[in-house]
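Worksheet: the structure to be examined is printed underneath.
The values are calculated or read from the model by the stated rules, or taken from the named source; none is laboratory data. Bear in mind that the values here come from a model prediction, so they are computed numbers and not experimental data. All Cβ positions, glycine included, derive from the backbone under ideal geometry; neighbour counts span all protein chains shown. Heavy atoms of the whole protein, side chains included, go into the accessibility calculation; ligands, DNA and RNA do not. Shrake-Rupley method; radii C 1.70, N 1.55, O 1.52, S 1.80 Å.
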Amino acid sequence: MASWFKPSVSALDSVANTIRFQQAAMAAEARYYKSRCAQFHKMLQQFQERNKEFKELQHAHECLRREVAQLRAQLRQEENQYTNPNGKRVRLDPGGATPTVVDDSMYYTESNKKI
């Protein structure tokens, strides 16, 4: 009952102190969350840059995969080009230009054993 008989100036002063405290607390929270937002924004930019780099590398990897597949197919075609009717590769001339067919029969004896 003693608070009922306090002067109104004292009551208004306590209300003002409460309001100042609330404003200071809200301002501190706003500064804290603003700094956290800036941190997350920087992190988000880094992730976006890394994601962009990853996609570029992924695209380059896919292009290189296709190129390797094409080169392998080309190599198979070239290997098939230099095979004789028996399915064996022909010996290339040491000079390098044209393949020459070597008869394998000279390397075998009459009992079909390799010398």
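Here are the numbers:
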{"item": "Given (1) modelled with pLDDT under 95; (2) surrounded by 10 or more Cβ atoms within 10 Å (Cβ to Cβ), index of the condition Y33 fails", "result": "(1)"}
{"item": "Any hit, region 47-54, residues being modelled with pLDDT of 95 or more and open to solvent by less than 90 Å² (accessible area, probe 1.4 Å)", "result": "yes"}
{"item": "Residue list for region 1-30, filter: open to solvent by 100 Å² or more (accessible area, probe 1.4 Å) and assigned to a helix (DSSP H, G or I)", "result": "W4, F5, V9, L12, R20, F21, Q23, M26, E29"}
